[in-house]
Amino acid sequence: MTDTHDTRAATGTSQLVTSPATQSEDHNRGLQLGTATIESFADVTPELARVVVSIPDLAAEPNWVRPNVAIRFYLDERFESATRVYTVRSANVVAGTIEVDVVRHGATSPMMLWLDTLKVGDTVKFGGPRPHFDIPETGGRDVVIFADATSIPALFAILDQADQGLTGRGWVATSDEHAFSELPALPGLTLTRVAPGTGFADELATLPHPDKVVVWGAGERDEMRAVRSFFRNDNGLAKDDVAVFGYWRRGTTNTQIDMQRLQAYEAALAEGRSVHDLDDLALAI
Ligand SMILES: Cc1cc2nc3c(=O)[nH]c(=O)nc-3n(C[C@H](O)[C@H](O)[C@H](O)COP(=O)(O)OP(=O)(O)OC[C@H]3O[C@@H](n4cnc5c(N)ncnc54)[C@H](O)[C@@H]3O)c2cc1C
């Protein structure tokens, strides 16, 4: 895998951090902006680092313990001053810490370099918790789930607090057997590990009634776009029944993705709309 960082991306980083849009009340409503401290970190597998981070006043903000909330790390200038979004896998209110799983994806990138230099006691600026999407209301229907290594933490947090009566199927595209095996088991939900990197067309083709399910998915942007289009466009599912999000894009840094998001967001604000009105997967990234 190649390192796609360039001066454009680095310039974009400062724009992302200083833009009035990303500093606006609309963008940061309910977010805690502060400095976190690294309590511990360990390689759970060669593909996965688990970082425990202490958050000041964590107990004062109930959103930290909600299923599937995200945190944005503001890395320092050693890492291009890049900002990167990760999922809170779990939060410990008593200890005031959160657990974040970082997939080691093999590129030379700000987050991978950050991991390589990490020491206990290091600090990092953050913004969070930002609530992300849960499994849609099922109304008695099955759920179908599509995840990759980067969304295992989100799925972990969701299933950890899910209704035990949830039924359905899910496919997790990862080579990390251990990370997959840690996912909570629910009696009515069958999760299957599949090979990463090829998309979910084969799995989509096996669904007997794709118009009678709710959908949760997160992972590579183009793969998720195809999943969403299958349910929304080909099978007519309603918007609220399909919670599918792109977490990263093959061959594109998240700095570049965030720059394009920022432009769309600035345009939305100028038209009197909010961050909540943006359809991320519809952006031409
Ligand atoms: C809401 C949300 C929650 C997320 N939660 C998590 C999480 O809990 N754990 C997690 O590991 N990631 C998570 N991600 C994804 C993570 O933010 C991206 O993978 C991010 O791009 C990594 O930053 P980087 O600096 O390492 O790579 P970048 O600088 O963004 O990219 C450098 C190169 O690496 C490639 N790349 C980036 N990520 C991957 C990957 N996963 N696999 C293969 N190639 C990749 C890019 O395509 C690019 O070519 C989440 C993203 C979002 C939006």
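The values are calculated or read from the model by the stated rules, or taken from the named source; none is laboratory data. Given the structure is predicted, the values throughout are model-derived calculations rather than measurements. With ideal geometry, Cβ positions are generated from the backbone for all residues, glycine too; neighbour counts draw on all protein chains shown. With ligands, DNA and RNA removed, areas are computed over all heavy atoms of the protein, side chains included. Shrake-Rupley method; radii C 1.70, N 1.55, O 1.52, S 1.80 Å.
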| query | Most mobile of E77, E271, E223 per a Gaussian network model of the chain (Cα springs, under 10 Å)? | reply | E271
| field | Burial order of peptide ranges 149-155, 261-267 (average beta-carbon count within 10 Å, highest first) | value | 149-155, 261-267
| remark: Magnitude of the Cβ-charge dipole (Lys and Arg +1, Asp and Glu -1) of the chain about the Cα centre, nearest 20 debye, reported as 160
| Of T117, L262, L166, farthest towards positive along the dipole that unit charges on Lys, Arg, Asp, Glu beta carbons give the chain | L262
| said: For a Förster distance of 41 Å, can you work out the FRET efficiency between the beta-carbons of V120 and Q260, rounded to the nearest 0.05? | reply: 0.70
| message | Starting from the 7 Å offset along Cα-to-Cβ, what nm value, one decimal, do you get for the label separation of L207 and Q164? | response | 2.8
| note | Given unit charges at Cβ for Lys, Arg (+) and Asp, Glu (-), the dipole magnitude of the range 142-248 about its Cα centre in debye, nearest 20, is 240
| For the range 142-248, what is the accessible area per residue in Å² when the probe is 1.4 Å? | 42
| Length added when fully stretched, H105-T45, from 0.36 nm per residue minus Cα-Cα | 20.4 nm
| field | Dipole-positive endmost among S181, A147, W216 within the range 142-248 (Cβ charges, Cα centre) | value | W216
| query | How far apart, in nm, are two points set 7 Å out from the Cα along the Cα-to-Cβ line at D76 and at A95? | reply | 2.4
| note | Between the modelled labels at I38 and E182 (7 Å from Cα along Cα→Cβ) the distance in nm is 1.7
| field | Average Cα contact separation per residue, the range 142-248, under 8 Å, 6 or more apart, as relative contact order % | value | 29
| task | Give me the percent of the accessible area of the chain that comes from carbon and sulfur atoms, probe 1.4 Å, all protein chains in place. | result | 52
| query | Calculated from DSSP H runs of 4 or more alone, at -39500 (n - 2.57) each and per residue, what is the 222 nm mean residue ellipticity of the chain, nearest 500? | reply | -6500 deg cm²/dmol
| message | Between E137 and L113, how high is the FRET efficiency from 1/(1 + (r/R0)^6) when r is the Cβ-Cβ distance and R₀ = 45 Å? Nearest 0.05. | response | 0.65
| query | Helix by helix, which DSSP H runs in the chain go 18 Å or more along their axis at the Cα atoms and have an average Kyte-Doolittle hydropathy of -1.0 or more? | reply | 254-270
